[in-house]
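Since the structure comes first, as C-alpha cells, the remarks are kept for the end.
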Amino acid sequence: MRTKIVAGNWKMNLTFEEADNLVDELMSELEQITLPRDVKVVLCPPAVYLEMVSDYAGDSYFMVGAQDVSEHEGGAYTGEVSAAMLASCEADYCIVGHSERRTYHGESDQVVAAKASRLLEHGLMPIVCVGEQLSDRDAGQQLAVVQRQVEGSLFHLDSNQIQQVVVAYEPVWAIGTGRTATAAQAQEMHQHIRSLLAAKYGQAVADEVSILYGGSCKPSNAAELFACPDVDGGLIGGASLKAKDFMAIINAIIG
Ligand code: PEP
C-alpha cells in the first residue's frame, strides 16, 4: 500500500522564533492523535531551520524535508546546499522542481532530474513537482506539458529509484492564488501521471508511487481532493503556516 503524505512547504516565511513556535504547536497537536502507519507528515522549512525542526522530529511525529538542493555534489558553488549536507542535517525528503524554482531560477527538467539523482544518491526522497501554466490548460495542453515534465525529470531513474520518489502535481495557476483544481481535474492528472509511470516501469511499481496534489489546498477542500483514488495527499503552502489549518488537512487525510 502506498504512503499517504501531507507535506508543508513553508517557502521563505517565518523567523527562527516563529518557526520554532509553529513546530512546537504542531507537536502538541500531533501528540494528541494517532497517525496511521501509512500516513506521513513532512515539514519543509527553510534550510537554515532544518536542524531545529529535525531535532523536534527525533520524536518521530513528522519527517523533515528541504525545499531545494544543488544539482552538484559539492565544492565551489557559493550559496548552494548539497544533498550530502541535507542528509547530515537528518532531512528525509526534499522538494525539487517547484514551479517557483522553475520560473524564477530557470530550472529545466534536466536540472530537476540531476537534483533528484543527487538526493537519491544520499538516501533522501525527492518530492518532484510538475504542473502546467494556466495558458497550457486554456490551450488544452495540460496533459502533454505534464507528460514532458514527468519524462524529463524522472525517466532517467530505474524502477528501484522511482519507488523512492514522491510526485507532486501542482498546477501553477492554483499555487498561492486561492484557486484550486477541482477534484475531477486533480484525479484526471494524477491518473495520467500514474499511467505514464505504469507504461515506463509497470503497474506494480506505479502503484507504489505517492502522487500529491498542491495548489491552494486548505481545510475546506482537502477531504474532497484526498478522496480521489490517485491523490495520495497534499503539498501544502500557505495553509502549512498555521498549525490549526495544517492539522485540519492532516485530519482530512486520516479520514
Ligand atoms: C506550494 O507552493 O507548493 C503550494 C501548494 O502553495 P499554496 O498551498 O499556498 O498554493
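The values are calculated or read from the model by the stated rules, or taken from the named source; none is laboratory data. As the structure is a prediction and not an experimental result, all values here were calculated from the model. When we count neighbours, we look across all protein chains shown, and the Cβ atoms used for this are built from the backbone with ideal geometry, even at glycine. When the accessible area is computed, the model is the full protein with side chains, heavy atoms only, and any ligands, DNA or RNA have been set aside. Shrake-Rupley method; radii C 1.70, N 1.55, O 1.52, S 1.80 Å.
Assorted remarks:
- Flag for Val128 being assigned to a strand (DSSP E or B) and within 16 Å of the ligand (Cβ to nearest atom): yes
- So Met63, is it at pLDDT 95 or above, of a type outside the set (S, T, N, Q) and within 16 Å of the ligand (Cβ to nearest atom): no
- When residues of segment 182-206 are limited to those that are small (Gly, Ala, Ser) and in contact with a helix residue (DSSP H, G or I) (Cβ under 9 Å, 6 or more places away or on another chain), the one nearest to Ser220 (Cα to Cα): Ala183
- Checklist (1) modelled with pLDDT under 95; (2) within 16 Å of the ligand (Cβ to nearest atom); (3) open to solvent by 10 Å² or more (accessible area, probe 1.4 Å) applied to Gly255, failing item: (2)
- Contacts under 6 angstrom Cβ, first residue in segment 3-19 being farther than 15 Å from Leu50 by Cβ, partner among the aliphatic types (A, V, I, L, M) and more than 13 Å from the ligand (Cβ to nearest atom), 6 or more apart: Lys4/Val39; Lys4/Ile253; Val6/Val41; Val6/Ile250; Val6/Ile253
- First in segment 230-243 and assigned to a helix (DSSP H, G or I), second anywhere and near the ligand (Cβ under 8 Å from one of its atoms), Cβ under 8 Å, 6 or more apart: Gly238/Gly176; Gly238/Ser216; Gly238/Lys218; Ala239/Cys217; Ala239/Lys218; Ser240/Asn9
- Looking only at segment 24-41, residues that are touching a residue at least 24 places away in the same chain (Cβ under 8 Å) and not in a loop (DSSP other than H, G, I, E, B) come to 9 in all.
- Put simply, of Val48, Val23 the only residue that is over 15 Å from Asp92 (Cα atoms), surrounded by fewer than 15 Cβ atoms within 10 Å (Cβ to Cβ) and more than 15 Å from the ligand (Cβ to nearest atom) is Val48.
- Close Cβ contacts (under 6 Å, 6 or more residues apart or on different chains) running from residues in segment 157-172 that are farther than 12 Å from Tyr213 by Cβ and open to solvent by 10 Å² or more (accessible area, probe 1.4 Å) to residues that are more than 16 Å from the ligand (Cβ to nearest atom) and assigned to a loop (DSSP other than H, G, I, E, B) comprise Gln163/Glu208.
- Members of segment 51-101 found to be closer than 17 Å to Leu22 by Cα and open to solvent by less than 40 Å² (accessible area, probe 1.4 Å), listed by number: Met52, Val53, Ser54, Ala57, Phe62, Val64, Gly65, Ala66
- Apart from one condition, Arg179 fits all of (1) open to solvent by 10 Å² or more (accessible area, probe 1.4 Å); (2) within 16 Å of the ligand (Cβ to nearest atom); (3) within 24 Å of Ala66 (Cα to Cα); the exception is (3).
- Flag for Gly215 being within 15 Å of the ligand (Cβ to nearest atom), open to solvent by 20 Å² or more (accessible area, probe 1.4 Å) and closer than 21 Å to Thr103 by Cβ: no
- Residues satisfying the stated conditions in segment 103-125, i.e. touching a Gly at 6+ places or on another chain (Cβ under 9 Å) and part of a helix (DSSP H, G or I): Asp109, Gln110, Val111, Val112, Ala113, Lys115, Ala116
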